[in-house]
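The next block holds one structure in the form of structure tokens; read it before the comments.
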Amino acid sequence: MRRLLVLAIAAGLALTGCLSSDDAPTPAAEAEPEVIIDAARPAPAFNDIPNAQLGVIAKPDLNATLAEPPQLVAGEWWRIELHDKLTDTTTQFVRVVARVESDLYVFGMPHEGWWKEAVIFHTPAFGDVNKDLSHRAHDVPFQQLKFPLEDGATWETAWENPNPITATVSVESPTTARVTFTGTNCGPLGLIGLCPNPSQGVVAEILYDASMHEVVEANFPSHTWRVLEHGYGFEGWVTVPRSEHLVFLHGRLAAPALAFPGMMPATHTDVVTIEGGYNRVSFILANGNAIGTPVGGAYSTKATAPDGTVYELSSIPGGPLQIAFLEHANPDGDWTLEHMAAGPGLSFVEGIAYHQYDIRLPDGAVRSDHAHDVVR
């Protein structure tokens, strides 16, 4: 995403939400009986998953090939380390197959290890993922793999917006293939017809390892990630985000050619209505000076939820780009988004609404109300 914008959010915008489905938010959870959660159910906490609770660590699948997609099973899991280029932080979390449906895998995180940022990065994908491991980012299909994976194979796909990019395969071993995506990196601004980085180049790169049934390394504009462990037999509650829908893509860039709705003045207010029965929204606030800009400025971003809760981020004149990751329960209703960008930087809000619920493994029981309170 982005020269000026990446420069502005070297990734700020690349971070947005992960639309896994354009269907109405009618959660599968409602079709199944609720289960009673006893008082001993662990409270949600960030990344509190000891190795002993995950299950069995798998050895490489020696029968795996690049000819066809892996056959995943409920309870299969991967421990992942993600480096956020925007905030220069590194975090580990666990990704679990919570359910296998006829044409989909449903991915989530252990209830005791929910990390909202993983949803916002939109890869690795959570919620609904196709059997060939393709998914959506910003409601745009992302075909990250196309089987059989053969050396030199190419196909066209997209990342974050409909602007086409080309995938090219380089087979590195009988079970590993590197896929490089090249094209014009517009980032999420491509959704509103803007492309701050029009030059051609590498947009993203992934390494798929059939013996571990997944992409094991990835490099995207806003983050990198890699698989540390792969295993089976996870038992316990898995929190899943489904029916994901991009609801916020609003802000103000001081650069006139890239200003969001309207060019002047430096302040702007949007009223956004979320509707559809969602019980959670994950979003970011971002504001501050464009990276590498020698001139200072003053910036603020404020989001007021329908229940009156206020989320706000402000930058002192000349201060660096700041980003806050946030969640809000029961987001349906009118949100007021206020932006102020008085300088060569930006004020920005981006987020996705979804229905969050829990699936218990190995029996598949469903808790269809809110999975848990907002964590952090």
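If you go through region 312-347 and pick out every residue that is over 11 Å from residue 297 (Cβ atoms), β-branched (Val, Ile, Thr) and either assigned to a loop (DSSP other than H, G, I, E, B) or touching a Gly at 6+ places or on another chain (Cβ under 8 Å) (or both), you end up with 1. If you go through region 215-250 and keep only what is touching a Leu at 6+ places or on another chain (Cβ under 6 Å), surrounded by fewer than 21 Cβ atoms within 10 Å (Cβ to Cβ) and not in a strand (DSSP E or B), you end up with just 235. For region 261-277, filtering for residues that are at pLDDT below 90 and farther than 16 Å from residue 302 by Cα leaves 7. Filter region 51-106 for residues that are of a type in the set (D, E, K, R) and in a loop (DSSP other than H, G, I, E, B) and give the result. Answer for region 51-106, where residues must be of a type in the set (D, E, K, R) and in a loop (DSSP other than H, G, I, E, B): 59, 61, 68, 76, 85, 88, 101, 103. Out of the residues in region 304-347 that are hydrophobic (A, V, I, L, M, F, W, C) and over 27 Å from residue 115 (Cβ atoms), which is surrounded by the fewest Cβ atoms within 10 Å (Cβ to Cβ)? Applying the filter and picking the extreme gives 316. Counting only residues that are outside any strand (DSSP E or B) and at pLDDT 95 or above, region 127-142 holds 4 of them.
Figure legend. Inter-residue proximity from region 313-336: first residues closer than 20 Å to residue 270 by Cβ and hydrophobic (A, V, I, L, M, F, W, C), second residues modelled with pLDDT under 95 and part of a loop (DSSP other than H, G, I, E, B), beta-carbon distance below 7 Å, spacing 6+ or different chains. Indicated pairs: 323/12; 323/86; 323/87.
Of all the residues in region 352-376, those that are at pLDDT 80 or above and at positive phi number 1. Once region 85-96 is narrowed to residues that are out of contact with any Phe, Trp or Tyr (no Cβ under 8 Å at 6 or more places or on another chain) and touching a residue at least 60 places away in the same chain (Cβ under 8 Å), the residue that is nearest to residue 212 (Cα to Cα) is 92.
The values are calculated or read from the model by the stated rules, or taken from the named source; none is laboratory data. Because the structure is predicted, anything quoted here is derived from the model rather than measured. Positions of Cβ are backbone-derived with ideal geometry, glycine not excepted, and every protein chain shown enters the neighbour counts.
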